[in-house]
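*Asks:* Before I ask anything, here is the structure I am working with.
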Amino acid sequence: MKVSMTVNGKATERDVEPRMLLVHFLRDELGLTGANIGCDTSQCGSCTIHLNGTAVKSCTVLAVQADGASITTIEGLASNGNLHPMQQAFWDKHGLQCGFCTPGMIMAATKLAEGNPHLTDEEIRHGLEGNLCRCTGYENIVRAVKAGAQAMAGGD
């Protein structure tokens with residue numbers, strides 16, 4: 001089947017098998033490897049992307065379901081050579097260790113933080129429930145999301 005979509009601001013069109021997962025389309029067809037394949041059961045969140053403005057696990061969506069969609073991956077967050085404020089906050093607040101979960105965490109966190117620069121620890125923990133990290137213990141991730149939310153709103 002032929003699918004066409006806009007990925008990170010660029011129109012793309014490909015022939016795909018109807019059963020191809022969106023995460024495989026992004027990684028294998030487009031070379032966008034930021035969405036990681038971690039669990040194959042939609043439990044870990046390492047494949048989280050933005051699909052039509054909503055954070056979704058790309059292992060739960062078929063590529064054909066994304067036909068006509070607008071998609072943003074971790075590779076599409078940075079602009080003009082500058083990290084997105086949430087990416088910068090993860091760097092500054094040490095919200096990563098091995099980095100495997102980081103793209104999914106950042107993609108989920110950016111949606112969580114949109115329009116809410118004053119997230120509480122509880123809101124952040126609840127909002128990231130579908131994203132697992134085996135390294136950091138989450139404390140620095142929570143700090144990073146708080147800082148990223150404030151930076152996204154224009155504050156420090």
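*Asks:* Just checking: which of the strands (runs of 3 or more DSSP E) contained wholly in segment 43-147 hold 1 or more residues that are free of Cβ contacts under 8 Å to residues at least 12 places away in the same chain and closer than 25 Å to E13 by Cβ?
*Replies:* In segment 43-147, 54-57 are the strands (runs of 3 or more DSSP E) which contain 1 or more residues that are free of Cβ contacts under 8 Å to residues at least 12 places away in the same chain and closer than 25 Å to E13 by Cβ.
*Asks:* For segment 25-37, enumerate the residues that are assigned to a loop (DSSP other than H, G, I, E, B), in contact (Cβ under 8 Å) with a residue 12 or more places away in the chain and either surrounded by fewer than 19 Cβ atoms within 10 Å (Cβ to Cβ) or acidic (D, E) (or both).
*Replies:* Passing the criteria: L30, I37.
*Asks:* Given the structure, is L22 in the same structural domain as N116 (by TED's automatic domain parsing) and either in contact (Cβ under 8 Å) with a residue 24 or more places away in the chain or over 18 Å from N131 (Cβ atoms) (or both)?
*Replies:* no
The values are calculated or read from the model by the stated rules, or taken from the named source; none is laboratory data. Since this is a predicted model, take the numbers as computed values, not measurements. As a convention, Cβ positions derive from the backbone with ideal geometry for all residues, glycine included, and neighbour counts pool all protein chains shown.
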